[in-house]
Structure formats: C-alpha cells, structure tokens
1. Out of all the residues in the range 125-184, which are under 23 Å from T361 (Cβ atoms) and either free of Cβ contacts under 8 Å to residues at least 40 places away in the same chain or of a type in the set (S, T, Y) (or both)?
2. Are any residues in the range 330-352 part of a helix (DSSP H, G or I), in contact (Cβ under 8 Å) with a residue 60 or more places away in the chain and open to solvent by 10 Å² or more (accessible area, probe 1.4 Å), and if so, which ones?
3. Pairs please, first residue from the range 1-18 and in contact (Cβ under 8 Å) with a residue 60 or more places away in the chain, second anywhere and open to solvent by 40 Å² or more (accessible area, probe 1.4 Å) and of a type in the set (F, W, Y), Cβ atoms under 9 Å, 6+ apart in sequence or on different chains.
4. Return yes when T361 is in a helix (DSSP H, G or I), open to solvent by less than 30 Å² (accessible area, probe 1.4 Å) and touching a helix residue (DSSP H, G or I) at 6+ places or on another chain (Cβ under 9 Å) and no when it is not.
5. List pairs: first in the range 27-43 and free of Cβ contacts under 8 Å to residues at least 40 places away in the same chain, second of a type in the set (S, T, Y) and open to solvent by 40 Å² or more (accessible area, probe 1.4 Å), Cβ under 9 Å, 6+ apart or cross-chain?
6. Go through (1) in contact with a Gly (Cβ under 8 Å, 6 or more places away or on another chain); (2) buried (at least 20 other Cβ atoms within 10 Å of the Cβ) and name the single condition F411 misses.
7. Among the numbered criteria (1) crowded, with 21+ Cβ neighbours inside 10 Å; (2) of a type in the set (S, T, N, Q); (3) not in a helix (DSSP H, G or I), which one does T355 miss?
8. Within the range 1-21, can you find the residues that are out of contact with any Ser or Thr (no Cβ under 9 Å at 6 or more places or on another chain), under 17 Å from F147 (Cα atoms) and open to solvent by 10 Å² or more (accessible area, probe 1.4 Å)?
Amino acid sequence: PPDGGWGWMIVAGCFLVTICTRAVTRCISIFFVEFQAYFGQDYARTAWIHSIVDCATMLCAPLGSLISNHVSCQVGIMLGGLLASTGLILSSFAASLEHLYLSLGVLTGLGFALCYSPAIAMVGKYFNKRKALAYGIAMSGSGIGTFILAPVVQLLIEQFSWRGALLILGGFVLNLCVCGALMRPISLKEDCKTAPEFLEQNNVPETEKQDLKRMSICSPLIKLWPHECLCYCSWKEYDFLLMPGFMVLAVSILFMAYGCSPLFVYLVPYALSVGVSHHQAAFLMSILGVIDIIGNITFGWLTDRRCLKKHRYFCYLFAVGMDGLCCLFLPVLQSFPLLVPFSFTFGYFDGAYVTLIPVMTADVVGTSLLSSALGVVYFLHAIPYLVSPPVAGWLVDTTGSYTASFLLCGFSMIFSSALLCFARLAKKIKRTHLRSLTGNTALKQHIWTNGAIAYSVTAELDQRDVEFLAVDTNSFSNR
C-alpha cells in the first residue's frame, strides 16, 4: 500500500460516506418523537423504522462487497447513493409507518449498504503503516456528521416539518455519488493470486492464461473466467469464515452490536422523559458526535504508535467494555448536567472501537480479503440492529421506564468484551504450553523424524506457532 498520495483522497471519500450513511442514520432518532406523535403509535412500532434502516445497511453489506469485488467500487457506491436518496425522498410522502418501513428502512438501508463496507475496505487497501490513523480520520465522519446534522435536522423539522426535513436529507445524501467517483481502484501484490489448480487442470489458451495470471483473484473482468474458476474464486473469497480467530470475533460483534444500537435511538426520548428540552436533547446527540470524532482520531493515532500497535486487541476490548459501563450507569443520570458527561464518555469510546473494527478485521484475515470480511462483519450487525431497538421499546412500554433497556445493553457490551478477553487468554495459555513442550529435546527429535506427527501438532495453531516450530526444528537439524 502507498500509505499516502491518492490514499488521502480515499480517506476523504470514506469520510464523506460515513457522514452520509452512519450520521444520517443516527439523526433518524431525532425524527422518533415526530413519527410517534404524527402516526399515534407506541415506542416498539416506531422503533422499527430505525431498526430496519440499520438492519438493511448491515444485512446487505456482503452485497456491497460483492459488487465492489466483481464490478467496481465506484459503481457500487454511486448506485448506493442513488438508492439511498430515492428512499429518503419517497419517505417524505409517507402516509403510514409501513410506508416508512419500506422507503426509509429497506430502500435507504440498501443504498447505505452498497456504499459503506466498500468505502471502508478501500482505505485498508491504500494504507498499512498508518492504517489505524487513516481509519480514525475516515470513521470520524460519523461523529462530525452527527455533531453538525443533529441540530440542523432539528431546525429543519421546526421550519419545514419532518416531511421537508427528509426531502432535504434526500438531496444531501446524493453526495455519495461524488464520493464514489473518488474511489480509484488499486492492485496490491497480495491480490495478484490465481487459481493454480484450475490453470493446471484445464486446457486454457496460453494468451488467456497469462491474462488470468495478471488479474486479481476477484477481477471485475469476470467474462474472462470460466464457470469453474469463478467457483474457485468465490470459495477463496470467504475461506476466512473457518478461521477460529474470525469466529470468536464474529460472536463478540453480535453482542456488541446489540448493546450499542438502542442508545442512539432512545437517548433523545430518554432525555425528554426526564425533563430535558428538545434543543438540549438534540445537543446531547451533538456532544456525542463531536466526542466520537476525538475518539476516532486519537485512538487511531495512539494505536499506530509502536508501543500500542501490538496491543490493539486489548485497546478494542477496553473501549467496548467502557461503553458497556456507561450504559449501566445511564438510568441514574436524570438531568442535563449529568447526561453531558455521559455523552462525552460514551461518544469517546464509541469512536474508539468503531475505528478499530476494520483494523482488527484486517489483522485477522489480511488485506486481500478485507472487503469480503468487512461485508460479513457488518452483516453480523444486522440481526442485533434489527431486534434490539424494538426489544428495548417493548421493555419501556412494559416496565414504564428505560432502566431495563439500558441495563441489557450494558451487560451485552461487557459480555462482548469479556468473550474476546477470555479467547485471547486461552490462546496465550495454549501457546505457552506448546513452547514448554517443544523445549524437550526428545520431542524435538520426534517432531523432526516424523512429519505426520509434526503436522498433527501444528494443525490447530496459528501462523506464528507454525513458524516457531519450524525455526526450532531447523536449529535441531543444524546441531
């Protein structure tokens, strides 16, 4: 990766994408009270609007990665911008909640999905040494967008009603087409893989074979690839799903996504329920957004430093755990002066772990598979994003307070952090045990003389353990 040059334009494009997708999605919560009053529905039914937007965005993330890999990242993002804008414009004419479920929920969410994961994956392709900083700047668009759009959307609702505000947002989201135009493709050495078995076992003309060798494993020029080779490529694209490290990360993301989603839906209604004014409640979202920016950039910069680079994993765990603790304390904060520190703390650590999600994913699966892996990672957000706000709304309707909803969110995020922590500790204990075993000379002799045993010992280990055994047996051979 060039670690600069046009890469900074890619960062700028991704920054605008996060404003037009994640910030706009967060600001839909400001419409919550308006929708509830206009359509006369309860918390649970109204919350489905925000849930469907988030769910569709994450559920269709693999589709965005597929279009980016096989057609073009530029085409995918431009198409997504058109769909998202159309959904917001159609929502301004809604006559029922069901209409909003389809237009604002499904159509807009689908458009956001085609834009979000491909734009984030492009940043990972252009940066290596400064990857966390680049992601921090790019992902800060969510916080900056929330800080700016939250009061602006509130003002638009007051001046033009919720219908006019949605119409204006529809025009604003068309800027995604401009972002898509910035996403210039790049070819990396690790992308230049072919299907060797296919090339060896099939009678492919020599000229076409050379073309195949020069193409990446998921080339957009799919017309040159026969059906069998395409099947091979599709399998290679998602073989990371069987990696133990990715499986643990996937399960933890399910709990993390469940915990973080309801707060952005119910922070404004909760603030209004404890006597905070409409402008102060919108200002809380603005505070959360601007501190989110600081969390994005500072955590990205810090985790790129040599002293913390190898500890990114635990930085991510710490950030998720702190957000969980914030949710646990939220029910006792019942005034504007107390809610302000909450917005500061939650916003900072939310920005921190959001920045590290693509970095951790790249560390697990590698840069060449990052686009597909991010599609799966964001896909895993879909079900929690779909069910958690309505479940939280049902708890509010049933109990008459927000306490149960916020406690459930907090414990879910803490469990997500604890799961990853235990997995890392178990892996470390296993590696330590292996190293103690390989310190025995007899075992060295046994491994060196019996290749089958060596394979059975290293089959369940990661690459670093395999390298350790290789170095150790080589030194034994030299002696």
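1. Y126, Y135, S140, S142
2. P331, F336
3. Listed by first residue and then by second, the contacts come to nothing, as the list is empty.
4. Answer is yes for this residue.
5. Here the result reads Q36/Y43, each pair linking the range 27-43 to a residue that is of a type in the set (S, T, Y) and open to solvent by 40 Å² or more (accessible area, probe 1.4 Å).
6. With (1) in contact with a Gly (Cβ under 8 Å, 6 or more places away or on another chain); (2) buried (at least 20 other Cβ atoms within 10 Å of the Cβ) applied to F411, the lone miss is (2).
7. Of (1) crowded, with 21+ Cβ neighbours inside 10 Å; (2) of a type in the set (S, T, N, Q); (3) not in a helix (DSSP H, G or I), only one is false for T355: (3).
8. L16 - this is the single residue of the range 1-21 that is out of contact with any Ser or Thr (no Cβ under 9 Å at 6 or more places or on another chain), under 17 Å from F147 (Cα atoms) and open to solvent by 10 Å² or more (accessible area, probe 1.4 Å).
The values are calculated or read from the model by the stated rules, or taken from the named source; none is laboratory data. Keep in mind that this is a model prediction, so the values were computed, not measured. Note that each Cβ is placed from the backbone with ideal geometry, even for glycine, and that neighbours are counted across all protein chains shown. To get the accessible areas, we keep the full protein, side chains included, count just its heavy atoms, and leave off ligands, DNA and RNA. Shrake-Rupley method; radii C 1.70, N 1.55, O 1.52, S 1.80 Å.
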